[in-house]
1. If you take every DSSP beta bridge fully contained in segment 128-235, what fraction is antiparallel? Give it as a percent rounded to 5.
2. How do 28, 215, 223 stack up against each other in accessible area, from largest to smallest, with a 1.4 angstrom probe?
3. Excluding residue 14 itself, what net charge comes from residues whose Cβ is under 13 Å from its Cβ, given Lys and Arg +1 and Asp and Glu -1?
4. Net charge near residue 111, counting Lys/Arg +1 and Asp/Glu -1 over other residues with Cβ under 12 Å of its Cβ?
5. Leaving out ligands and nucleic acids, note down the accessible area per residue over segment 194-235 with a 1.4 angstrom probe, in whole Å².
6. Defining a contact as two alpha carbons under 8 Å apart and six or more residues distant in sequence, what relative contact order in percent does segment 120-235 show?
7. List the trypsin sites (Lys or Arg not before Pro) within segment 1-74 that DSSP assigns to loop and that have no more than 16 neighbouring Cβ atoms inside 10 Å.
8. Quick check: the angle from helix 138-151's long axis to the longest principal axis of the chain, C-alpha only, nearest 10 degrees?
Amino acid sequence: SPAAPLLSVADLAAWYGESHVLHGIAFDVAPGEVVTLLGRNGAGKTTTLKAIMGMLPRRTGSVKFDGCELIKAPPRAIARAGVALCPEERAIFSSLSVEENLMLPPRVKPGGLSLEQIFEMFPNLKERLSSQGTKLSGGEQQMLAIARILRTGAKMLLLDEPTEGLAPVIVQQIGRTIAHLKSEGFTIVLVEQNFHFAASVADRHYIVEQGRVIDMIPNAALDANIGKLHAYLGV
Ligand code: ATP
């Protein structure tokens, strides 16, 4: 039988003030799996990641991680459980150096990557150690943002559009990073607009539409479902 899910989201609803945005999101992620959330702009993908992370004031339903119910937990408890969000806006400190950025994240779990391990994975960052965040390229900023969450010891990574605005060669690098993280046993939920990138890294794809998960397509079945996907995504 397949492994018990590491993350299990059921009936997840969320609001921004009076605005009801998620209407019962449901999906599972097995340990070591890479899954994507695909969908049109405004479908609720970013909101789903924020709701899992406990960052929205009002949410209901169930978010089970590693057997623990987290729907009522505050963000710091969710981080301590081993879940980390790398937001679309690449939360790095632009006035601080690469090294300072890497020293800031608290180690919430044993197993946070050492600087040495970070530099092995991102040799570019080692060369830029004393550079200020603002001096980094978009790709380097994205690597740094991912490196920062790896410092914490999180095992479940929520990556929000890591390839956005990056050149194709850098997108490939991010793809290799994700493949490497998977091989190291990390579990990843990826929000992506770049459909080809999504297909190159993920095991399965969940389709989000109007605050609900309306379909799941295994990566191996993408070609057979390409017409359906075009209809969902409008691409
Ligand atoms: P995108 O790729 O455009 O980010 P998405 O699928 O990630 O799309 P969300 O950002 O989750 O979509 O947005 C879902 C809905 O929630 C949209 O209708 C959006 O306008 C609304 N929304 C997002 N952020 C806020 C906010 N801070 N306050 C109010 N409404 C919001």
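The values are calculated or read from the model by the stated rules, or taken from the named source; none is laboratory data. None of the values given here were measured: they were computed from a predicted structure. A quick note on method: Cβ atoms are made from the backbone with ideal geometry, for glycine too, and the neighbour counts reach across all protein chains shown. Ligands, DNA and RNA are excluded from the accessible area calculation, which covers all protein heavy atoms including side chains. Shrake-Rupley method; radii C 1.70, N 1.55, O 1.52, S 1.80 Å.
1. Bridges in segment 128-235 are about 55 percent antiparallel.
2. Accessible-area ranking of 28, 215, 223, largest first: 223, 28, 215.
3. Within the 13 Å Cβ shell, the charges total +3.
4. +3
5. Computed with neighbouring chains in place, this is 52 Å² per residue.
6. 18 percent.
7. 40, 72
8. Between the helix axis and the principal axis of the chain, the angle is about 90 degrees.
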